[in-house]
Amino acid sequence: MTGAARSARLLAFAKINLDLRVLYRRPDGYHELRTVFQTISLADRIQVAFTPARNTAVAVHANVDIPDNLITRAAEAALDTMRLTGRLEFALDKRIPMGAGLGGGSSDAAAVLLALPVLAGKPLHWPALLKLAAELGSDVPFFLLGGTAVAIGRGTELYPLPDQKPRRGLVVAPGIHVSTADAYRRLSAELTMESQQNKMVSFQSAAWCASVPPSAEAQASYGQNDFETVVFSRHPELKSIKRRLLKLGARPALMSGSGSAVFGLFSERDKLHRALQSLREERVFPITLVSRRQYYAEWWRRLGAHTKENLWPPQSRYAR
Ligand code: C5P
């Protein structure tokens with residue numbers, strides 16, 4: 001099969017964890033989680049071109065060196081599942097800091113899973129996409145949904161929450177690379193049955209706060225990340241960034257995922273501007289929370305030329 005190239009410019013948004021509890025190590029080696037994911041406006045740019053061809057060849061040109069790029073793995077897995085072959089060219093403009101707990105690699109992979117079936121003219125249905133996503137990494141399925149969502153299990157069992165009111169914030173990424181597997185190992189040694197019970201209860205409150213528009217006080221009191229203790233003890237500078245954000249009026253101020261990025265959300269614009277000034281010497285990204293509605297709208301804007309119906313996940317207009 002040969003044909004003309006079909007191309008698109010994609011945005012792959014980062015995530016933060018509005019709450020993250022690690023309960024216990026499971027027999028499969030993964031840890032049982034309770035978390036609230038949230039997409040944010042910080043995003044990688046991905047240009048993709050697909051040309052049907054007899055053999056598959058995937059090339060990724062990126063502005064940074066990325067060992068074991070998830071884009072390649074996602075592309076090959078998607079083509080395999082669709083039983084298609086072809087040439088794929090990606091140009092990746094990486095803007096999400098790597099190894100920072102912001103899910104950049106996972107979001108890139110999900111962007112590929114959503115776009116390829118549309119460009120190749122072969123829809124992949126939700127269960128197939130979810131399975132592919134979970135095989136690529138624990139955070140990947142969330143990026144098929146976007147917005148705000150509770151995740152349990154390994155992080156791949158998702159429950160969408162209603163869109164939050166738009167909020168602004170800052171992400172501080174001090175360039176420290178934290179190994180996720182290592183952070184889990186160190187945290188695992190400290191987990192007890194008693195802490196599990198407490199975490200379940202406090203997570204329920206956090207999920208409740210994330211699903212109904214909370215009062216200012218409630219907003220200020222929710223949000224916890226279990227990784228902070230183990231990661232802050234190795235990198236005290238992250239703890240002081242969190243303290244500074246809180247002092248500058250952020251509510252909450254939390255580390256994202258297993259770190260090292262720390263974010264703060266602000267209800268007042270002038271406090272946010274003052275914080276931005278005050279943290280000038282750090283690598284800081286102003287952000288807004290991206291709702292599911294905005295997430296989907298961006299996808300239609302990017303892939304609309306290749307889709308026929310207003311369905312999620314997008315269905316190709318080339319599909320028979
Ligand atoms: O699934 P992913 O490849 O993103 O996970 C990276 C590593 O993080 C895993 O190899 C595992 O060590 C750890 N992990 C875990 N429990 C989870 C998710 C990840 O132990 N729920």
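The values are calculated or read from the model by the stated rules, or taken from the named source; none is laboratory data. Just so it is clear, the structure is predicted and the values come from calculations on it, not from any experiment. Positions of Cβ are backbone-derived with ideal geometry, glycine not excepted, and every protein chain shown enters the neighbour counts. The area values use the complete protein model at the heavy-atom level, side chains included, leaving out ligands, DNA and RNA. Shrake-Rupley method; radii C 1.70, N 1.55, O 1.52, S 1.80 Å.
Residues of the stretch 6-18 that are surrounded by 15 or more Cβ atoms within 10 Å (Cβ to Cβ) and either of a type outside the set (Lys, Arg) or away from the ligand (no atom under 15 Å from the Cβ) (or both): ARG6, SER7, ALA8, LEU10, LEU11, ALA12, PHE13, ALA14, ILE16, ASN17, LEU18.
Selection within the stretch 28-46: residues that are of a type in the set (Val, Ile, Thr) and either within 16 Å of the ligand (Cβ to nearest atom) or not in a strand (DSSP E or B) (or both). The member of this set that is surrounded by the most Cβ atoms within 10 Å (Cβ to Cβ) is THR35. Answer with yes or no whether SER215 is surrounded by fewer than 19 Cβ atoms within 10 Å (Cβ to Cβ), more than 14 Å from the ligand (Cβ to nearest atom) and closer than 18 Å to TYR24 by Cα. Against the criterion (surrounded by fewer than 19 Cβ atoms within 10 Å (Cβ to Cβ), more than 14 Å from the ligand (Cβ to nearest atom) and closer than 18 Å to TYR24 by Cα), SER215 does not qualify.
Yes or no: the stretch 51-60 includes at least one residue that is hydrophobic (A, V, I, L, M, F, W, C), assigned to a loop (DSSP other than H, G, I, E, B) and out of contact with any strand residue (DSSP E or B) (no Cβ under 8 Å at 6 or more places or on another chain). The answer is no; no qualifying residue exists. Taking the listed residues ARG21, ARG25, the one that is within 16 Å of the ligand (Cβ to nearest atom), within 30 Å of LYS199 (Cβ to Cβ) and open to solvent by 20 Å² or more (accessible area, probe 1.4 Å) is ARG25, with no other qualifying.
Each row is one residue, and each column tells you yes or no for (1) free of Cβ contacts under 8 Å to residues at least 12 places away in the same chain; (2) under 20 Å from the mean Cα position of the chain (by Cα).
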residue	(1), (2)
GLU228	no, yes
PRO236	yes, no
HIS273	yes, no
SER278	no, no
PRO286	no, yes
TRP300	no, yes
GLY304	yes, no
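Checked against (1) crowded, with 22+ Cβ neighbours inside 10 Å; (2) of a type in the set (A, V, I, L, M); (3) over 18 Å from the mean Cα position of the chain (by Cα), VAL58 passes all but condition (1).
State all residues of the stretch 113-130 that are out of contact with any Lys or Arg (no Cβ under 9 Å at 6 or more places or on another chain) and closer than 24 Å to ILE66 by Cβ; if no residue qualifies, say none. Explain how you work it out, then say what you get.
Of the stretch 113-130, the ones out of contact with any Lys or Arg (no Cβ under 9 Å at 6 or more places or on another chain) are 113-114, 117, 123-130.
LEU113, LEU114, PRO117, LEU129 - these are the residues of the stretch 113-130 that are out of contact with any Lys or Arg (no Cβ under 9 Å at 6 or more places or on another chain) and closer than 24 Å to ILE66 by Cβ.
Scanning the stretch 173-192 finds one or more residues that are crowded, with 21+ Cβ neighbours inside 10 Å, within 26 Å of LEU10 (Cβ to Cβ) and outside the structural domain of MET98 (by TED's automatic domain parsing). Name the pairs whose Cβ atoms lie under 8 Å apart, with the first residue in the stretch 26-46 and at pLDDT 95 or above, the second surrounded by fewer than 17 Cβ atoms within 10 Å (Cβ to Cβ) and in a loop (DSSP other than H, G, I, E, B), and 6 or more positions between them or separate chains? Final answer for the pair search is GLU32/ARG26; LEU42/ARG95; ALA43/ARG95; ASP44/ARG95; ARG45/ARG95.
Does any residue of the stretch 74-83 turn out to be surrounded by fewer than 19 Cβ atoms within 10 Å (Cβ to Cβ), within 16 Å of the ligand (Cβ to nearest atom) and free of Cβ contacts under 8 Å to residues at least 24 places away in the same chain?
Checked the stretch 74-83: no residue is surrounded by fewer than 19 Cβ atoms within 10 Å (Cβ to Cβ), within 16 Å of the ligand (Cβ to nearest atom) and free of Cβ contacts under 8 Å to residues at least 24 places away in the same chain.
Residues in the stretch 164-191 that are in contact with a strand residue (DSSP E or B) (Cβ under 7 Å, 6 or more places away or on another chain) and charged (D, E, K, R): 2 in all.
Among the conditions (1) open to solvent by 70 Å² or more (accessible area, probe 1.4 Å); (2) at pLDDT 95 or above; (3) more than 16 Å from the ligand (Cβ to nearest atom), the only one that VAL201 does not satisfy is (2).
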